[in-house]
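K.L.:
A single structure is presented below for examination.
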Amino acid sequence: MKLYEHPFSSAAFKARAVVHELGLPVTLVTVDMMKGEHKSPEFLAKNPNGKVPTLVDDDGFCVWESNAILCYLAARKPESGLLPSDARGMAQVQQWLQWQATTFSLSTGEVMSETVYAKFFNRAKDEAKYAAGLEKVRRDLALLEKTLTGREFLCGKLTLADFSIVSGLFLRTPMGVDLEAFPNVKAWVNRMESRESVRKSLPPL
């Protein structure tokens, strides 16, 4: 399998982490987005959205959307337990994956746009947009804080939900996101980032 990705993509980061956690034989292929490789006809044939990550299996089967990629990878190793097979366990994980896609990725994306990406593309930071995004991130962190009370992981045990959601926080320092007011979240992030699979997936910062 090949995973087409970029080191500073939070979506690609979680896919790399799950690859390492499962120990799957996946080749990482860096897509040079500054040169527009993600919009090339060759890449668009794999992912018509022109985004990373994109997973291509040995027989040419393509999967895009990062949470779908996580599910596909975990299904290759069901014994890992990262994607529970029982109805309630699966529903809990899917609930968090959908929340990440529809809520947390949007709020963290707003903050990243005015910090990390603004610097990357050499444009001025919009302070009003940044403040609005940060307020949404804190709202989401409050939900996570409550959920993690008395728990090591979001669903009780380690699942795809943890990898998916923690990906939005690996650039928290340049984003200006402070976790001090959310001790449960801070401990959980530290717990996740102490895992070898996550450490190996972090880009050079």
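K.L.:
Looking at (1) free of Cβ contacts under 8 Å to residues at least 12 places away in the same chain; (2) part of a loop (DSSP other than H, G, I, E, B); (3) within 16 Å of V26 (Cα to Cα), can you tell me which one S85 breaks?
P.N.:
Exception for S85: condition (3).
K.L.:
Would you confirm whether or not the range 68-76 contains a residue that is in contact with a Leu (Cβ under 7 Å, 6 or more places away or on another chain), modelled with pLDDT of 95 or more and either hydroxyl-bearing (S, T, Y) or more than 23 Å from A101 (Cβ to Cβ) (or both)?
P.N.:
Yes, because at least one residue in the range 68-76 is in contact with a Leu (Cβ under 7 Å, 6 or more places away or on another chain), modelled with pLDDT of 95 or more and either hydroxyl-bearing (S, T, Y) or more than 23 Å from A101 (Cβ to Cβ) (or both).
K.L.:
Could you please give the count of residues in the range 69-88 that are within 13 Å of V18 (Cα to Cα) and surrounded by 15 or more Cβ atoms within 10 Å (Cβ to Cβ)?
P.N.:
Counting residues in the range 69-88 that are within 13 Å of V18 (Cα to Cα) and surrounded by 15 or more Cβ atoms within 10 Å (Cβ to Cβ) gives 10.
K.L.:
Let me ask another. Out of the range 44-64, which residues are touching a residue at least 24 places away in the same chain (Cβ under 8 Å), part of a loop (DSSP other than H, G, I, E, B) and not hydrophobic (A, V, I, L, M, F, W, C)?
P.N.:
Answer for the range 44-64, where residues must be touching a residue at least 24 places away in the same chain (Cβ under 8 Å), part of a loop (DSSP other than H, G, I, E, B) and not hydrophobic (A, V, I, L, M, F, W, C): K46, N47, K51, P53, D57, D58.
K.L.:
For the range 145-185, give me each residue that is of a type in the set (G, A, S), touching a Leu at 6+ places or on another chain (Cβ under 8 Å) and within 25 Å of A75 (Cα to Cα).
P.N.:
If the condition is that a residue be of a type in the set (G, A, S), touching a Leu at 6+ places or on another chain (Cβ under 8 Å) and within 25 Å of A75 (Cα to Cα), then A161, S164 are the ones that fit.
K.L.:
Conditions: (1) assigned to a strand (DSSP E or B); (2) surrounded by fewer than 17 Cβ atoms within 10 Å (Cβ to Cβ); (3) in contact with a Phe, Trp or Tyr (Cβ under 7 Å, 6 or more places away or on another chain). L28 meets all but one. Number of the miss?
P.N.:
Condition (3) is where L28 drops out.
K.L.:
If we keep just the residues of the range 146-190 that are acidic (D, E) and open to solvent by 40 Å² or more (accessible area, probe 1.4 Å), which is farthest from the chain's Cα centre (by Cα)?
P.N.:
Only one residue tops the list, namely E180.
K.L.:
So which of E79, E42, E110 ends up being closer than 21 Å to I165 by Cβ and among the charged types (D, E, K, R)?
P.N.:
E110
K.L.:
Mind listing just one residue for me: the one in the range 117-130 that is open to solvent by 60 Å² or more (accessible area, probe 1.4 Å) and part of a helix (DSSP H, G or I) and, of those, nearest to R172 (Cα to Cα)?
P.N.:
Here the answer is Y117.
The values are calculated or read from the model by the stated rules, or taken from the named source; none is laboratory data. Please read these numbers as outputs of a predicted model, since none were measured by experiment. Heads up, the Cβs are rebuilt from the backbone with ideal geometry, glycines too, and the neighbour counts pull from every protein chain shown. These accessible areas exclude ligands, DNA and RNA; they are computed on the full protein's heavy atoms, side chains included. Shrake-Rupley method; radii C 1.70, N 1.55, O 1.52, S 1.80 Å.
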